[in-house]
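The values are calculated or read from the model by the stated rules, or taken from the named source; none is laboratory data. From a predicted model like this one, the values you see are computed outputs, not experimental measurements. Here the Cβ positions follow ideal geometry from the backbone for every residue, glycine too, while neighbour counts run over all protein chains shown.
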Amino acid sequence: MMLNQFLILSAFLFCCGIYGVLARRNAVLVLMSVELMINSVNMNLIAFSVYQDNVIGHVFSLFAIAVAAAEVGVGLAIVLLIYRNRRSIDISDVAQMKG
Amino acid sequence: MLENAWILPALMVGAFIIILFFGKKLPQGGWWVGQAAVTACLALSTVAGVQWYHRESVDGLREPVRNLVTWFSDGNVKVQLGSHVDGFAVAMLFVVSFISFCVHVFSRDYLRDDIRFVHYFASLGLFTAAMLWMVQSATTLGLLFGWELMGLCSFLLIGHWWEDENNSTAALKAFLTTRTGDIGLLIGIIILFFAAGHSFDIAHTNHLALDGGIKQSLLLVSACCLFAGVVGKSAQFPLHTWLPDAMAGPTPASSLIHAATMVVAGVYLFGRLYGVFFKGFSIAAGGMNLGAWIGSITIVMAALLAFVQTDIKKVLAYSTVSQLGYMVMGLSVGAWAGAIFHLFTHAFFKALLFQGAGSISHSGSHHSFEMDRMGGLRKYMKWTFGTFTVGYFALCGIPPFSGFFSKDEILAHARYNHFGFAFAAGSVGAFLTAAYMTRVMYKVFFGENRLHLAHDDHGHDADTHAVDEHDTHDAHAVYAVVGGNEEHESHDDHSDPHESNWWIIAPLVLLAIPAFMVGIAQWPWGGIPKNAFEHFIANETFEKSIVHNKMLIPFHWSVAVPSVALACAGIAASLAYYLGAKGDLGLVRRYAPARWLHSFLKNKYFLDHLWTGVVVGSIRGPIAKAAYWVNQNVIDGVVNTVGKGAAATGKIVYDVVDQGIIDGLVNGSGSAARDGGGILRILQSGRVQNYAALFLGGVGLIALALALFV
């Protein structure tokens, strides 16, 4: 089995995620990019798990998926509230926390 | 019992918890729970004493019984707690249980209708537990726990009637003043921990100190630090000011905590870590050391102050300070056994005197402690008078009362171990003690009764149980449940003085017996077992320090006769003064120098002004801001004191240091923080993506570091 391919793919996905998080202004897209990052990590976990022939990585990634689902639920709720208040989901407009 | 001495504090903790949580639901406020527990403690400590007495000894020394558990360990450092029971500890266990027993009995009636009856007994229980724990503690860490817990109970009991602001101030003062000394104690313990090779064990530390396992300079520093704790707890000059104020608490609590037991905790620490002090202060070398100086100064200074007090409890408080000075001085001149014996005898007779004063105020002077409202009470209160007299003779050191034997042993050691100043101070102290106690005896028990003199303008409405606030000294009456028990006669504010009831008399009698005859425990002549107390408490530290250096002084007539003569002279001088009908202030009115001395003493050498005006006044504000500046304050305070009067100085220091330097510093640090914040706030853009970028950049750096260095 070739571990490298999987790792390279997940690294590529992770970088896509970072790009999305940092560069997109649409909040929904930012959230989707976060999902991409999480899933690239999951892919890493599973790749190593299969490579080392143990099941821990699978279990762990299942947990990560569940947590990611919860996280995206909260995230989308926030986005929805922002939209209700501002009629926009441009994330660069939301800067009330400026010190 | 020696193995399981921890049962004693455990019993008292149990009583404390039961009384605190269920006391209000139990009949009679649950005082009997505490009484039962303390009775059990008294019985068990007596058993422990008998067992220790019969323990087999090798060369006159008995092996201490140790029972240690490891609290936690980290690497090769094991932190242990547990008990180290030897004769010294057993004697202390007995004293604490005995006095606490008497105080429990006494308090039942004394505080009968008090609004915080339950909390009072809970605090007494916790205090007794803490002290019983402290005296058997095998490690300095365990000792510190008990020590601080006692400080807390002292605070609670002084501030028992906290509605009166004076009382809560006194409680705070006691707490903070002793805490000042405790800083030194803590530092000393930490130094010793490292000096003794990462061990808190007291026996081990003493062993190392006496065998030269720890450097002399280190011992000196740690002895001085520990001595600060002793000075604070045992009310030595110059931190003695809290003890007279601590009399704001209920009298039985004063008797237990601020006369017999807690205040001797400092002396106990001194005697327990004697190896450290002996080597640190170079006691074997002779010549005055820090402890001998402080003790000697305290003896005379406090005894002089006792002359100008009009409040009987304050006289006794200064007397306690003075007697504690004897103990500290005694330990510092090599009278280890003598000082501990004085601790032992003093606990009995001073607790007796305090409870006698409590009895007087309870039934003889309408809850006032002003001696101006007493007088002639010997006719009304025969039992109180009799027992108080026993305490009086014991305190004056008249043979064959117990105080004679212990005080004399300290003086003999001071003289023949060549501590001239300490001997002189001790002798002067003997004279002064006898004189001021005679003053008390005269004013309280002889002459005309003055109770109703100050009282004629008072409305005679017995039904309302009205209590006039201006002359009610003991807040007891003020906070007692008004209109409570009909048969509780002392609430009738217009009765003549009368004897207290048996709940109060019984402990007095119980205390009078040892106050009279416990001296035979250290009998210096033949016939009965000689120096039995000394053999009882002797331990390895004593053997290696005092005995090994030939500093153990036998009884000497050349000390005993003059000291008794001085005490008699004190009594005679005082009697001549009063029987000459000069009154307390006659001399003061007629002679200017006497007037100056009187006002000097009346103002307690202006020490309170120094502490509260200069030191506290200047520290109060900034202490929260920067502890570092305390240093500056004190130094500035001293510099200013040279030029100005003490009271004015406090204000000036406050203005200059607080408003000028401290405020400047605080403002400076504020603006520095603001400028720094100005730079940092650029980062706080409020934009999520900037934060994410920083975060990911950080992760990247960590990843890079891992890749490069791991």
Residues satisfying the stated conditions in segment A:82-99, i.e. in a helix (DSSP H, G or I), away from chain B (no Cβ under 14 Å) and surrounded by 11 or more Cβ atoms within 10 Å (Cβ to Cβ): A:83, A:86
Flag for residue B:163 being modelled with pLDDT under 95 and either buried (at least 24 other Cβ atoms within 10 Å of the Cβ) or not in a helix (DSSP H, G or I) (or both): yes
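For the condition more than 12 Å from the chain's Cα centre (by Cα), modelled with pLDDT under 95, part of a helix (DSSP H, G or I) and closer than 21 Å to residue B:511 by Cβ, what is the one hit in B:316, B:220, B:304, B:243?
B:316
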Lone qualifier among A:59, A:67, A:79, A:50 - being in a helix (DSSP H, G or I) and within 20 Å of residue B:685 (Cα to Cα): A:79
Those residues of segment B:391-413 which are of a type in the set (Gly, Ala, Ser) and either surrounded by fewer than 24 Cβ atoms within 10 Å (Cβ to Cβ) or farther than 12 Å from residue B:515 by Cα (or both), in sequence order: B:412
Filtered residue count, segment B:524-550, keeping only those that are basic (Lys, Arg) and surrounded by fewer than 14 Cβ atoms within 10 Å (Cβ to Cβ): 1
Residues (of a type outside the set (Lys, Arg), closer than 15 Å to residue B:357 by Cα and crowded, with 24+ Cβ neighbours inside 10 Å) located in segment B:310-326: B:312, B:315, B:316, B:317, B:318, B:319, B:320
Long-range neighbours under 7 Å by Cβ, at least six apart or interchain, first residue at the interface with another protein chain (Cβ under 10 Å from one of its Cβ atoms) and in contact (Cβ under 8 Å) with a residue 60 or more places away in the chain within segment B:678-705, second surrounded by 14 or more Cβ atoms within 10 Å (Cβ to Cβ) and of a type in the set (D, E, K, R): none
Filter result for residue A:21 (under 24 Å from residue A:8 (Cβ atoms), touching a Ser or Thr at 6+ places or on another chain (Cβ under 6 Å), part of a helix (DSSP H, G or I) and within 14 Å of another protein chain (Cβ to nearest Cβ)): yes
Selected residue (criterion: modelled with the lowest pLDDT) from residues of segment B:322-365 that are of a type in the set (Ser, Thr, Tyr) and touching an Asp or Glu at 6+ places or on another chain (Cβ under 8 Å): B:363
Meets criteria (over 23 Å from residue B:689 (Cα atoms) and crowded, with 18+ Cβ neighbours inside 10 Å) for residue A:47: yes
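Let me confirm something: among B:228, B:209, which residue is in contact with a helix residue (DSSP H, G or I) (Cβ under 9 Å, 6 or more places away or on another chain), within 19 Å of residue B:541 (Cβ to Cβ) and in a helix (DSSP H, G or I)?
B:209
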